[in-house]
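Beneath this line is the structure, given in C-alpha cells, with notes to follow.
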Amino acid sequence: MKETFAFLNIGNTELIIILVIILLLFGAKKLPELARGLGKSMQEFKKATREVEDNFRDAMNDEEVKKPAPKVESKEEKDAEK
C-alpha cells in the first residue's frame with residue numbers, strides 16, 4: 001500500500017485519517033454512491049482517451065496513405081530507356 005501513494009508521501013496513518021474524515025463528512029450511506037460515481041467517471045475518461053488515441057492513429061494512417069508510393073519501373077520501361 002505504501003508504494004501506491006509513495007509519490008504523495010502519504011503513510012498508512014495519514015491515509016487512515018483521510019479515510020475517517022471522508023467517512024465523517026459523507027456518511028457511510030453516501031460512500032458507495034460516491035465510489036460508483038467515481039468509477040463511472042473514470043470509465044468515461046478512459047473511453048474518451050481511447051477514442052482520442054484511435055482518432056490520432058487513424059489520422060496518422062491517413063497521412064501515410066496519402067503519400068504517393070515511389071514509382072517502380074517495369075522491365076519494359078527500363079528496356080525502352082536503353
For the stretch 6-65, with the dipole built from +1 on Lys and Arg beta-carbon atoms and -1 on Asp and Glu ones, taken about the Cα centre, which of ILE21, LEU34, MET60 lies farthest toward the positive end? ILE21
Rounded to the nearest angstrom and ordered from largest down, what semi-axes does the equivalent ellipsoid of the stretch 6-65 get from its C-alpha gyration tensor (root of 5λ)? 40, 17, 5
For ILE17 and GLU44, what does the FRET efficiency come to when R0 = 25 Å and r is the distance between their Cβ atoms, rounded to the nearest 0.05? 0.25
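Values quoted throughout were computed directly from the atomic coordinates according to the rules given, and no laboratory measurement underlies them. Keep in mind that this is a model prediction, so the values were computed, not measured. Note: ideal-geometry Cβ built from the backbone for every residue, glycine included; neighbour counts use all protein chains shown.
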